[in-house]
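Visitor: One structure, pasted below without further comment.
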Amino acid sequence: MEKYTWHKIADNIEELSFHENGMTEINVSGKTICLAKHNDTLLACTQKCPHAGGTMADGYMDALGNIVCPLHRYKFSLQNGRNVSGEGYFLKIFPVEIRKEGVFVGIAGNSLFNWLK
Ligand code: FES
């Protein structure tokens, strides 16, 4: 199982502001990632599309909470990163947890550190 370092991004979900498409970009531990709000759930993925680098936060989410890239409209599950429109790419996703102490995003530890464990 992947080990994460959890980074607090807000005290609560109301503190976060989203664009009309339900997405925003945030900086976590030196990485810019895309944060998406779907119903009352928060989901996160890399800022750049794995196909040709489209900015995911400029795309949109479908009714199922899949994210659609603005450049060529490839569609990805924000639950597991699968390319649900079938082109064979994989979008890196990050876990988000809403706890009573705040909203946290999990970033996997660097590979050297994992190797030493
Ligand atoms: S860059 Fe995202 S689908 Fe092509």
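Visitor: Considering each residue of the stretch 59-94, count those that are surrounded by fewer than 16 Cβ atoms within 10 Å (Cβ to Cβ), more than 9 Å from the ligand (Cβ to nearest atom) and at positive phi, and give that number.
Guide: 2
Visitor: Please verify whether LEU78 is modelled with pLDDT of 95 or more and either part of a loop (DSSP other than H, G, I, E, B) or within 20 Å of GLY109 (Cα to Cα) (or both), treating the condition exactly as stated.
Guide: yes
Visitor: I want to confirm something. Restricting to the stretch 38-50 and keeping residues that are within 12 Å of the chain's Cα centre (by Cα) and either within 20 Å of ALA108 (Cα to Cα) or crowded, with 19+ Cβ neighbours inside 10 Å (or both), which single residue is nearest to the ligand (Cβ to nearest atom)?
Guide: Ranking the candidates gives CYS49 first.
Visitor: Something else: Say whether the condition of being touching a helix residue (DSSP H, G or I) at 6+ places or on another chain (Cβ under 8 Å) and surrounded by fewer than 16 Cβ atoms within 10 Å (Cβ to Cβ) is met by at least one residue in the stretch 51-58.
Guide: Looking through the stretch 51-58, none of the residues is touching a helix residue (DSSP H, G or I) at 6+ places or on another chain (Cβ under 8 Å) and surrounded by fewer than 16 Cβ atoms within 10 Å (Cβ to Cβ).
Visitor: Look at the stretch 1-35 and say how many of its residues are acidic (Asp, Glu), surrounded by 10 or more Cβ atoms within 10 Å (Cβ to Cβ) and within 26 Å of ALA63 (Cα to Cα).
Guide: Selection size over the stretch 1-35: 2.
Visitor: Would you check which residues across the stretch 21-39 are under 15 Å from GLY54 (Cα atoms) and of a type in the set (Ser, Thr, Tyr) and list them?
Guide: Answer for the stretch 21-39, where residues must be under 15 Å from GLY54 (Cα atoms) and of a type in the set (Ser, Thr, Tyr): THR24, THR32.
Visitor: Identify, from the list GLU14, GLU2, the residue that is part of a loop (DSSP other than H, G, I, E, B), modelled with pLDDT under 95 and farther than 13 Å from LEU78 by Cβ.
Guide: Result: GLU2 is the single residue among GLU14, GLU2 that is part of a loop (DSSP other than H, G, I, E, B), modelled with pLDDT under 95 and farther than 13 Å from LEU78 by Cβ.
Visitor: A further question follows. Filter the stretch 17-30 down to the residues that are touching a strand residue (DSSP E or B) at 6+ places or on another chain (Cβ under 7 Å) and outside any loop (DSSP other than H, G, I, E, B), then identify the one that is modelled with the lowest pLDDT.
Guide: Out of the qualifying residues, it is VAL28.
The values are calculated or read from the model by the stated rules, or taken from the named source; none is laboratory data. Computed from a predicted model, the values in this text were never measured in an experiment. When we count neighbours, we look across all protein chains shown, and the Cβ atoms used for this are built from the backbone with ideal geometry, even at glycine.
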